[in-house]
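Notes follow once the structure below has been shown.
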Amino acid sequence: MALLSFIGRLMHNRRADGGRSVWFAEGLDAPESIIIDSAAFENGGPLPRSTAGSGVGDNVSPALEWHGVPDQANHLVFVLEDVDVPMATPLIHTLSIVPPGVTALAAGDLDRRSTVVESVGGFGRRGYQGPRPIPGHGVHHYGFMLFAVDADVDTTSQKTALESIAGHVLARGRIVGTYEQP
């Protein structure tokens with residue numbers, strides 16, 4: 001752990017290009033009319049340890065609720081992304097498809113097949129993959145994003161899922177939480 005903290009401190013100023021976030025991807029822009037709230041954290045505030053990824057926390061997705069989804073939406077695409085990873089582009093932790101009639105997810109619902117139609121793998125796994133920043137790297141910002149789309153979603157991979165909804169986003173919303181490992 002001490003070695004990881006040392007590496008994290010060395011890379012403290014190395015961050016992904018936030019402009020390459022899914023939020024700013026070509027074809028995914030739309031009115032920001034979906035309002036997302038969470039009982040677990042405030043927008044811009046720290047995420048509870050329970051939401052952090054395996055080995056750091058309990059890897060339990062936070063409770064989320066939203067309103068403002070257009071009636072024409074066929075699917076809701078949920079994306080959890082870390083914009084502060086020490087890589088060229090932000091890192092998608094979770095991409096899941098949620099039915100358009102759903103207006104809330106209880107804690108842990110992003111791993112429950114009864115609520116989420118499909119989770120597209122991240123880190124070689126399906127389901128929720130919570131925050132897990134490098135120790136000592138500083139505060140990481142995690143965007144919990146929801147895109148209402150009027151098209152089917154190709155769930156072969158995260159890349160094909162995002163490509164299949166480009167140009168089909170009717171509305172979107174996001175809430176941001178932070179997490180840091182000392």
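The values are calculated or read from the model by the stated rules, or taken from the named source; none is laboratory data. This structure is a prediction, so every number in the text was calculated from the model and none was measured. Backbone-built Cβ (ideal geometry, glycine too); neighbour counts: all protein chains shown. We work out accessible area using only protein heavy atoms, side chains counted, and drop any ligands, DNA or RNA first. Shrake-Rupley method; radii C 1.70, N 1.55, O 1.52, S 1.80 Å.
Per-residue ellipticity at 222 nm, computed for the chain from helices alone with -39500 (n - 2.57) per DSSP H run of at least four residues, works out to -2500 deg cm²/dmol.
Summary value for the chain: 31 percent relative contact order, contacts being C-alpha pairs under 8 angstrom separated by 6+ residues.
Counting Lys +1, Arg +1, Asp -1, Glu -1, what net charge surrounds Arg174 among other residues with beta carbon under 12 Å of its beta carbon? Here the count lands on -2.
Backbone amide hydrogens, once placed in the peptide plane, bring Leu105 within less than 5 Å of Leu64, Glu65, excluding anything fewer than 5 places away on its chain. The protection proxy used here, the mean number of other Cβ atoms lying within 10 Å of each residue, ranks peptides 144-150, 36-42 as follows, highest first: 144-150, 36-42. Ranking Gln72, Gly167, Phe41 by Cα position along the charge dipole of the chain, where only Lys, Arg, Asp and Glu carry charges on their C-beta atoms, puts Phe41 farthest toward the positive end.
A cut-off under 14 angstrom between Cβ atoms defines the neighbours of Phe24, and their net charge, with Lys, Arg +1 and Asp, Glu -1, is -2. The slack in the chain from Thr89 to Glu163, taken as 0.36 nm per residue of separation less the alpha-carbon distance, amounts to 25.0 nm.
Each of Leu162, Leu64 has its accessible area taken with a 1.4 Å probe; listed largest first, they run Leu162, Leu64.
Charge dipole of the chain (Cα centre as origin; +1 on each Lys and Arg Cβ, -1 on each Asp and Glu Cβ, all else neutral): 700 debye, rounded to the nearest 20.
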